[in-house]
Every structure is written in C-alpha cells, then in structure tokens.
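Just so you know, all these numbers are worked out from the coordinates, no wet-lab data involved. As the structure is a prediction and not an experimental result, all values here were calculated from the model. No Cβ is skipped: glycine too gets one built from the backbone with ideal geometry, and neighbour counts run over all protein chains shown.
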Amino acid sequence: MSAILIWIYVLLNLFFIVRYFRLKNGTFQAPFLMAGVSLGVLLPQLTTYYLSPVYDNELLYLLLFVMITGNASFAYGFERGKSKAIPKSITTLNMGDTLVYLNLFFAVLGCLSVLIYRNDDSDFVIGAFLKAFAQFSFFTSLILVVYYKRNTFVYLALILSFATIFNFAFLVKGSRSDSLLLGLAILFFLNFYKAFNKKVKYFTLGMFLFGAVFSASITMIRNYIKDGEAFGDSFYENFTESFSEDGTEQTLGMDIANAAKGIAYCWENMEYDYGLQLWNGFVYNFVPKRLVGEEIKNALTYENGYTQKLPTWTHGVTTMTGYASAFASFSVFSFLFFFAVGYIYGWIWKYSAYSTYYLLLYFWQVTWLHAFFSHGMQLFFGRLESFFIFLFPILIIFGCLRQRKMVAKKSARSLQLTTQ
C-alpha cells in the first residue's frame, strides 16, 4: 500500500510539472516549484524510508495522505487565488530616488550579516534578519533595473546584495536555500526580457534537476567548504544511492522520518498544538532575549507533549517538514491549510502582473517556498511576518509606495507590467 501511495505522490507532482511547464511563466508559479521540491528533495527521503529496515512503513500511510492531499490542495488554492479579480486601484512601488537610496542602505545592512555569521558566538537571529535585508535589496534592485532609469546606486546595491547571498550560498554555509533563491531570482529577472522568454523555462527546469543531484551531496559539499575535505563519491553516485540508503546513519531519510513520527504521535495521542507553534516561532524571531531575558522569552512560548518531543526527533539539526507541522495544527484537515497558503500565493501572483510592489512580495515569498514543504510552515509565516513587521512600514514611512488606479476598460494584457 505504501508503494502505491508513493507512486500516486510521484505522478501527482509530475502532472504539476508538466502542466505548469506548458503555461506561460509557468515555471515561476508556485505549484511548479512545489512539485520540483517534492520530487527533487522529498522523494529520495520517502524511498529511503520505504526501503530501509530501520523505519516503520506503517507510519507512511498517514504521512503520504497528508503529503498527497496537501500538494493537491495547495495547487487548487493557487488556481483559485489566480482567479481573484483585480481591484480598481492597486498598491505599487514608487519608483524614485528615495527607493533607490533606501535600497542601497538595505544592501549595506545585509553585508553586515557576513560578519555576524563568521563568529560562532554571535546572535544568528540578528544575522538572519540582516541577511534578509540583503535578499530584499537584491529583489528590489532587479525590479529597479527593469523598470527604473539606469542608476549607479541601483547597480551598487545589486552587486553588494548579490555578493552577500552568493557568500552564504557557495562560500560559507553551502546553503541550498540561498542557492535556490539566487538562481530563481536571476531567472525570474531574465524572464522580463523577450529574448530569454522561451529559454528561461528550460533553464528553470534544469536548475531543479541540477539542484536535486547536488542536494544529495550537501554534506560532502559543506565539509569541503568548511574544512577543505576532499570529495568522496561522485555527485551522481550520491544522488542514485540517496533513493535506497540503508538508513543506518539516518541521513537523507531523517526529515521524512521525523514527519512520520510526529504525525503518528499526534494521531495516536490526540494531542495537537492547534497552530500555537506559529506563536512559538513568532516569539523566537521577534522577542529579543537580550531585552526581556531568556526566562521571560521562554515563558511566552507554548509547550505540550508534541512540542517537547521535537528536540528528540530533530536533534536541533533536521526538520519536521511542513506536512508534520500542518498536521500538528489541523490534523486530517491540514489540506485546508495548504489550500489557504496556495490561495495566498495565487493571489500575490495575479497581482504581481500589475504591480511592482506585489512583484516584490512574490519574489520575497516564492523564493522561500521550498522551505515551507521541506522544513516547516513557520518559515512561510516567519517570512511574511518579517516583511510586514520590518520592511513594509519602512516603505510606507519613506513614501516608497503609492496607489495606482486600474483602467477597467482596457484589457488585462494592456495593464500588465512590461519592460520598456
């Protein structure tokens, strides 16, 4: 039965890849990216779990139910969000010198994150926020390059923010998230130019295939970056073997194993957190222990049997995946949560065709979509929270947002953003 469910999961995601690959700009739409992560990152873990004698295959039934219904609901929600009507007026970026200078300031702030991550005793929450400024500046710079006049400060911000992200992607941490963010943002940018329109979708598909192969060797790559340790097996061998590891070292299969255990624990004990893990994540990210003290910060979090079990499953290294965190909050109705998140992505995608502000927001969220599925749903909300708590107010205060009236009589095509 588990094998049948795995095949259903594979075929479902292949369907999404083929369907969205055929659509205009389909490779940048969230369901395509979801399917790419599902097959490239999560499928090797599933097969590892299924083939390994270390894990209990009976736990796969409920996990695969959540994964299949979650992915299907996410794609359906995205399509529903895409069908949302365009309003009479829409918020967009105010393309002026103020935004250009502010963007450069964000790029400089982002550079400071490199200094923080070099010290093991530093506050990495602060470092993560500073790195987020670099990411925001990188996205904004790309938009300014397309829609604003040529400006030295724009290109300087682009170079600084690119260098910061590149540093984390390839020089310091070997971060898969930063690598994907960098590649996806650049391809998204190239897609604005007609000369690259037809090629970009193939480049995007190739990036996911390339990433899937190298993802299986991430430990080897990080050891090389950190200690200069020589590569052992080839990348191709690591990739093919990742589908059938014996599991005795619990490497690739561990995240999915965590998810299976977490879902089974909630189901068997009827113990859920009802979304309060999102509150815990908010406290972790936005309540500074240096101001309130560690005891007060810990007292603000919610704990139950499930949350207390998390360290024994993840060991502070691996994750529970978004499927387990959604199930811990909504049980068998977790698919409704995936529908809601998909709807939000579809809505932002629809608006991004008419507004540089929503284009920026889509950049911001979709480049982190993989983490929602492979790591946990808190990363989706944490990303949104950081945008609206820090970045959105700054844009308002400095007058970087304005309202654009939509002309109802014109066709949607004529209203969409175009390059000059």
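Can you list the residues of the range 1-20 with backbone N under 19 Å from a point 7 Å past the Cα of Y61, pointing along Cα to Cβ? It comes to 1-9, nothing else. Most tightly packed first, judged by the mean number of other beta-carbon atoms within 10 Å of their residues, the peptides 277-290, 364-377 read 364-377, 277-290.
The length gained by stretching the chain between F21 and K149 to full extension, at 0.36 nm per residue less their Cα-Cα distance, is 42.8 nm.
In units of the rule-of-thumb radius 2.2 N^0.38 Å, the range 1-101 shows an alpha carbon radius of gyration of 1.49. Counted residue by residue at 0.36 nm each, then reduced by the alpha carbon distance between them, the extension gain from W267 to V108 reaches 52.5 nm. The mean sequence distance of close C-alpha pairs (under 8 Å, at least 6 residues apart), as a share of the length of the range 2-415, puts its relative contact order at 28 percent.
Find how many whole Å separate the alpha carbon centroid of the range 88-113 from the alpha carbon centroid of the range 286-343. Computed from Cα coordinates, the inter-centre distance equals 32 Å. Averaged over residues, the count of other Cβ atoms within 10 Å places the peptides 82-90, 202-210, 40-48 in the sequence 40-48, 202-210, 82-90, highest first.
Diffusion coefficient (Stokes-Einstein, Kirkwood radius over C-alpha pairs, 37 °C, 0.692 mPa s) for the range 268-420: 182 µm²/s, rounded to a whole number.
Partner lysines whose Cα lies under 25 Å from the Cα of K405, excluding those fewer than 8 positions away in the same chain, are identified as K82, K84, K88, K149, K350. Fraction of C-alpha pairs exceeding 14 angstrom in the range 3-48: 47 percent, rounded to a whole number.
Across the alpha-carbon set of the range 27-172, the Rg to Rh ratio works out to 1.11, Rh being the Kirkwood radius. Taking label points 7 Å from Cα along the Cα-to-Cβ direction, S89 and V54 give a separation of 5.9 nm. According to the calculation over all Cα-Cα pairs in the range 348-391, the P(r) per 5 Å bin from zero is 6, 23, 27, 24, 15, 4, 0 %.
Note that the range 2-415, at 37 °C in a medium of 0.692 mPa s, gets a Stokes-Einstein diffusion coefficient of 146 µm²/s from its Kirkwood radius over C-alpha pairs. Among 155-166, 390-401, the peptide with the highest mean count of other Cβ atoms within 10 Å heads the list, and the full ranking is 155-166, 390-401.
Using the Cβ-Cβ distance between I126 and Y101 with R0 = 30 Å, the FRET efficiency computed as 1/(1 + (r/R0)^6) comes to roughly 0.80.
If R₀ is 41 angstrom, what is the calculated FRET efficiency for the pair A195 and S331, using the beta carbon separation as r and rounding to 0.05? Calculated value: 0.25. With the Kirkwood sum run over all distinct C-alpha pairs, the range 27-79 has a hydrodynamic radius of 12.2 Å.
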